[in-house]
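Asker: Let me begin by handing over the structure; questions about it come next.
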Amino acid sequence: MRLLLSYLREDGVVAEQAVAGTIDNELARFDTYLDHERGLALNTRAQRLRIIGAFLQASAGAGLDPLELPPISAGDLRRFIKQTLQRWSRNSARVLVATLRSYLQFRAYCGDQVDHLTPVVTSPANWRLSALPETLSPEEVAQLLEPFPPEVPSRFRAYAMVRCVVDLGLRANEVVRLDLNDIDWYAGTIRIGPNKARRIDTMPLPQLTGRAIAQYISSERPQTANRCVFVRHVAPFDVPIGPGVVRRAVRSAYRRLGLSHTRIHVLRHTLAGRLLEGGSPLKEVADVLRHRALDTTLIYAKIDTTHLAAVALPWPEDAS
């Protein structure tokens, strides 16, 4: 690849490799690589740019010319990983490792000699699938889906967003991106996407979920040119809401029930458990949750205690 790139640069097909440049320019090139060569979603690219930006700033130090791109050394990588993991959880370590490896691949793609740095970025031991996914009991789900009391701010919007998460398994980003044109009231369907897998799915719209959305639109949604289903209730109305609004609505619902949960993914886990208990195969669960690979859905097999009990072997009463 390096020989091919050198020929292409000589013929002017590929731009000359920039040996020096600002950190901002380097991040822009890295973003283009992640988008065009790796096909990563916008949120994933933004996360990786933040991490690499912090790494380049730390590597630059105080004595380097701000117009020069800081060199990469094994020592800089080790220090950055150590300092970052002191503030991050073990579950976030894999994000850090994947980001640094992706950046080293980008530098190799540009023709830099970074093969000796790859062994430095090792994955910390973290068996993230060893624990059972957190889920809500059927009683807790029923309490969560009771109509929100009048004292809850923007209660119709909050209730409709929570129903979208519980009934459809939507992520926070997918909830805020719902458009009025995505809902087919006559066919009873809703269009979701593009999601993390960059695909668009059409799903049945449960009656109670559609009723909650319709009540919000007719009773609480302000007049606005914004075509999103869920909009701001304070000026400026034409600015879309962020995923934090959905997360806060879910966390507030948890607190009202006295639950200690804080993550919105608990509701996706709960939906997967309900589908498995109802007899749905893993492939259908993966389709509902819009997983890119079936392996991602296999974790939910551990919470299907009904079917696991049917295949469990009896515990031997005597060791002999």
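Asker: Between a first residue in the range 265-278 that is charged (D, E, K, R) and a second residue that is in a helix (DSSP H, G or I), which pairs have beta carbons less than 8 Å apart while being 6 or more apart in sequence or on different chains?
Answerer: Sorted first by the residue in the range 265-278, then by its partner, the pairs are R268/V165; R268/L289; R274/P138; R274/V141; E277/T306.
Asker: Pick from R221, R177, R163: which is touching a residue at least 12 places away in the same chain (Cβ under 8 Å), closer than 28 Å to R255 by Cβ and open to solvent by 80 Å² or more (accessible area, probe 1.4 Å)? Explain how you work it out, then say what you get.
Answerer: Working: R221 fails: open to solvent by 80 Å² or more (accessible area, probe 1.4 Å); R163 fails: open to solvent by 80 Å² or more (accessible area, probe 1.4 Å).
The match here is R177.
Asker: Additional query: Do we have any residue at all in the range 92-105 that's farther than 28 Å from E37 by Cα and either modelled with pLDDT under 80 or open to solvent by less than 90 Å² (accessible area, probe 1.4 Å) (or both)?
Answerer: no
Asker: Go through T32, T22 for me and flag whichever is open to solvent by less than 90 Å² (accessible area, probe 1.4 Å), hydroxyl-bearing (S, T, Y) and at pLDDT 90 or above.
Answerer: On the way: T22 fails: at pLDDT 90 or above.
Of the residues listed, the single one that is open to solvent by less than 90 Å² (accessible area, probe 1.4 Å), hydroxyl-bearing (S, T, Y) and at pLDDT 90 or above is T32.
Asker: Which members of the range 224-238 meet the condition of being farther than 22 Å from G210 by Cβ and surrounded by fewer than 14 Cβ atoms within 10 Å (Cβ to Cβ)? Can you show your working first?
Answerer: Filtering the range 224-238 down to residues farther than 22 Å from G210 by Cβ leaves 225, 232, 234-238.
Within the range 224-238, A225, V234, A235, P236, D238 qualify.
Asker: Between I264, I200, I241, which is under 21 Å from the mean Cα position of the chain (by Cα) and surrounded by fewer than 16 Cβ atoms within 10 Å (Cβ to Cβ)?
Answerer: Of the residues listed, the single one that is under 21 Å from the mean Cα position of the chain (by Cα) and surrounded by fewer than 16 Cβ atoms within 10 Å (Cβ to Cβ) is I200.
The values are calculated or read from the model by the stated rules, or taken from the named source; none is laboratory data. Note that this is a predicted model, so its numbers are computed, not measured. Glycine also receives a Cβ, built like all others from the backbone with ideal geometry; neighbour counts cover every protein chain displayed. For accessibility, only protein heavy atoms count, side chains too; no ligands or nucleic acids. Shrake-Rupley method; radii C 1.70, N 1.55, O 1.52, S 1.80 Å.
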